[in-house]
Structures are given as structure tokens and as C-alpha cells.
Amino acid sequence: MITEQQFQNELTIIIQNGIREDIGSGDYSSLACIPADARGKAKLLVKDTGIIAGVAFAKMIFEKVDATLQIETFINDGAEVKYGDIVFNVSGSSQSILKAERLVLNSMQRMSAIATKTNQYVKLLEGTKTKILDTRKTTPGFRACEKWAVKIGGGENHRFALYDMIMLKDNHNDFAVGITNAINKTKEFLKINHLDLKIIVEARNLDEIKEILENDGVFRVLIDNFNFEDTRKAVTLIGTKCLTESSGNINEKTIRQYAECGVDYISSGALTHSVHNMDLSLKAF
């Protein structure tokens, strides 16, 4: 997994790019009608229900836009919120508050939606050993925030990108002319390049599970698009040799049944690619 410093660097890049994209050469609407020395207050108002996420990130945005802005926090990341709740107040330069408004709202609305959906999945898994994972099916340029939101919602992060874990999927195995060849070439590559990365290998059927198990050095087997019966068989075959992960069109209706098959993890792209933003507003008062 990536380091904390790498993660913080990603957040900084997101903020810098967000400011560049939204403000550019200036917020001319505010510059045109609001005096430079005007001061004001605004509240982050919830108009929905779910798990709030992005409060800490919003503070980073406000800090970058104007370090003199003051934030009074009432509700922290990970808390359940309802219509009418006030998450925080921000006070200071009116122009600065308006500069930061859209980037703060866009980020928090999406992060809160992801945290809410993740939390729903976590609750569906209660009483099992299975943990929910995100994927790389994220919004381009916003991955760090979306993966942060998954953790706020109670889930866990899969690999961050292509560089922090090896994941040999069906196309890798086919292009490498077989699973065993792909695994052997990968282990050789890691050794030559002095890389210490975990290896996950995808299986499309029970025969591929058996082939994977004939190789050493596999950290986790990705049991992809299996039905319940074959998932149970795969878990039995794998035993304690490595960890197990189910994936492939798993939703709210089926996630509990897959967990009860005994897998260690379930990964779901839906946590990040199929959410509806939480309704939030930043209102002056």
C-alpha cells in the first residue's frame, strides 16, 4: 500500500487541481460585488441522511484558499447525519469562503455518498469475518478522497494504484500464456527489481483455483464471478494457504451470502462508481 506521505501528496494535488479548475485567474463574481475587506459566516447544512465524510478534507481546502479562515466543527467524519444538521461553520473573508465553496461541496457530497454506501455494506457483513474492499474504479483525479471516504465508512482499501500491489487478472494471465507462467514471471520481476509487493491472482473457475495453489508466493486469490456453491468449494480448496477475495457483480442482495461462503474479503466497485451524491449546502448567515 502507499505510504501516508504519498497519500497526503495525492490530497494536495487534488486541492491544487481543484482550485486551478474552478478559480483559474479569479472568482470574478465575488470580486465584482463583494469588498475585499468584507467578512462573513457560512454553515455547512445537511439536506439528506447518511454518513458525513470530507470534513477534514474541507478544512484542508479552506486552509489552502485562505489560512485565516476559521472553522467551528460540530460533526466529525464518520458520524451519521440527518436533514437539518449543521456540520461546521466557516468564518472570515467573504471572498475566500466563496472561492472555496464549490470545491468543498463537490468533495464532501461525493465522499459522503461513498462513506454512506460503504457503511451500508459493512452493516450487511456484521457477524461474519468478511471485510469490504474498494477497487480502482474511481473518479479520475479524485481517487485519494474516494478511498479515504471508504475508510470513513468502515471499509478497507484495496491497492491504491498499479504500482503498490501486483494483481494478475484474466487478461494478464491470458497475455502471459497461463496463470503459472504469469506468477513465475512476476516473482522473477519482483526479485530483479528489488520490489516487495503482494501478489493477488484472479481465478475464473475451480480449475484455475487449483493451478494457483500449485504455486508459492500468492498472497490472495481473487474468486471472480463465482456462484455461491463454487465460492464455498474454492474457499475449502484454498484453506489457509492464502487469503480469499470475492468479486464480480456483488450487491446489497447477495453480499451477505458471499460472506457466509467464508471469504476473507469482498471487493466492490459499486462503492465508488455507483453512488448518488449527498445533498449538502454552504449557506451564509
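The values are calculated or read from the model by the stated rules, or taken from the named source; none is laboratory data. Worth saying up front: this structure is predicted, and the values here are computed from it rather than measured. For neighbour counting, all protein chains shown are included, and Cβ atoms are generated from backbone atoms with ideal geometry for every residue, glycine included. To get the accessible areas, we keep the full protein, side chains included, count just its heavy atoms, and leave off ligands, DNA and RNA. Shrake-Rupley method; radii C 1.70, N 1.55, O 1.52, S 1.80 Å.
Structure notes:
- Residue 25/residue 83 FRET efficiency (R0 35 Å; Cβ-Cβ; nearest 0.05): 0.40
- Here the chain was treated as a single set of alpha-carbon atoms; its pair distances binned every 10 Å from 0 give 6, 25, 28, 20, 13, 7, 2, 0 percent.
- Counting lysine pairs in segment 128-175 whose alpha carbons fall under 20 angstrom apart, excluding pairs fewer than 8 residues apart on the same chain, gives 6.
- For the pair segment 214-229 / segment 256-285, the C-alpha centres are spaced 24 Å from each other.
- Candidate cross-link partners of residue 233 among the aspartates and glutamates, defined by an alpha-carbon separation under 12 Å and a same-chain spacing of 8 or more, comprise 207.
- Treating r as the C-beta distance of residue 219 and residue 36 and R0 as 45 Å, the FRET efficiency rounds to 0.20.
- By average C-beta atoms within 10 angstrom, highest first, the peptides 190-197, 55-62: 55-62, 190-197
- Within the chain, helix-based [θ] at 222 nm, where runs of 4 or more DSSP H residues each add -39,500 (n - 2.57), nearest 500: -13500 deg cm²/dmol
- Prolate/oblate/rounded call for segment 153-213, Cα gyration tensor, a/c under 1.5 rounded: oblate
- Integer Hz, Karplus 6.51/-1.76/1.60 couplings in order for segment 266-278, x for Gly and Pro: 10, 9, 9, x, 4, 4, 10, 9, 9, 10, 10, 3, 5
- Accessible surface of segment 1-58, 1.4 Å probe, proportion on carbon and sulfur as whole %: 51 percent
- Cα gyration tensor shape of segment 207-246, rounded if a/c is under 1.5, else prolate or oblate by comparing a/b with b/c: prolate
- Full extension of the chain between residue 128 and residue 5 yields a length gain of 41.0 nm, computed as 0.36 nm times the residue separation minus the alpha carbon distance.
- Checking every one of the trypsin sites (Lys or Arg not before Pro) in segment 60-112 against DSSP loop status and a limit of 12 other Cβ atoms within 10 Å picks out 82.
- In percent, rounded to a whole number, the relative contact order of the chain is 23, using alpha-carbon pairs under 8 Å and six or more apart.
- Qualifying GluC sites (Glu not before Pro) in segment 66-169, where qualification requires a DSSP coil assignment and no more than 16 other C-beta atoms within 10 Å, comprise 126.
- The alpha-carbon of residue 123 sits under 20 angstrom from the alpha-carbons of these aspartates and glutamates, leaving out residues fewer than 8 places away in its chain: 48, 77, 80, 134, 146, 156, 245, 252, 260, 264.
- Sequence-distant residues sharing a close amide H with residue 41 (under 5 Å, placed H): 285
- Surface exposure of the chain, expressed per residue as accessible area with a 1.4 Å probe, stands at 50 Å².
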